[in-house]
Amino acid sequence: MFSRRLMILAAVAASLALAACNKGGGGPTGPAEGDMSMGNPAAKVKVVEYASASCPHCARFNNDIFPAFKAKYIDTGKAYYTFKEYLTPPENVAAAGFLVARCAGKDKYFTVLDAIYHAQTEMFQTGDFRGVLLRIAESAGLTEAQFNACLNDDKAMNALNDRVDRAVKQDKVTGTPTFFFNGKKIAEGEVTEAQLDQAFADASK
């Protein structure tokens, strides 16, 4: 079982969605404090994705669409990609996934997150969330003791809650995945490679 502390803090973050309002200007164009990014910071096109580690739509995007997008735009230096964390049900699973990815180290963050997305179906089918996450953590070099300490890190969980709070109150994000290109929201939910190609072309003008 996940720690009671983790479940309580994740529940607090999830409740922030109730405080969302409809006011606000443009969307995010890059990383804020604590966000993870990849690619060329000087690229003309800034891509921001809000996603949750427990969101099936996010997993499908990561597994089926993102590899080609990354190869075409991020790896070539044409786009700067920022991943922003969000919590969707079960929030404690999403929070645990993000905490483990961060504990593995910044250089392994996206590798661990990718492993979590690929194992998401297994987690939901078996219900063994802790066991699967522990296996992924160990494959990234963490011990079980480090894994347990990671899930009980109040400072890290509070920082995650702050990032989710910013997503809701500042960027008005209400679901995942949500995509912004140069601050313009282009999709929420399932997205196709063709949609992303068009969004990139429009942002490049």
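Points worth noting:
- Cα gyration tensor category, rounded, prolate or oblate, for the range 75-164 with a/c compared to 1.5: rounded
- Amide H contacts of Lys185 (H built 1.01 Å from N, in plane; Pro and chain starts excluded): Gly27 sit under 5 Å, all sequence-distant by 5 or more or on other chains.
- Of Lys108/Lys205; Lys106/Lys169; Lys78/Lys155; Lys70/Lys169, pairs whose Cα-Cα distance is over 32 Å: Lys108/Lys205; Lys78/Lys155
- Calculated Rg/Rh (Cα atoms, Kirkwood Rh) (choose from [x] 0.95; [y] 0.98; [z] 1.03), label: [x]
- For the range 141-205, the Cβ-based charge dipole about the Cα centre amounts to some 360 debye (Lys, Arg positive; Asp, Glu negative; other atoms uncharged).
- Annotation: the antiparallel percentage among DSSP beta bridges lying fully within the chain is about 65.
- Euclidean distance between Cα centres, the range 56-128 to the range 27-45, Å: 16 Å
Any read-out appearing in this document is the output of simple, stated calculations on the displayed coordinates, not a laboratory observation. All of these numbers come straight from a predicted model, not from anything done at the bench. For neighbour counting, all protein chains shown are included, and Cβ atoms are generated from backbone atoms with ideal geometry for every residue, glycine included.
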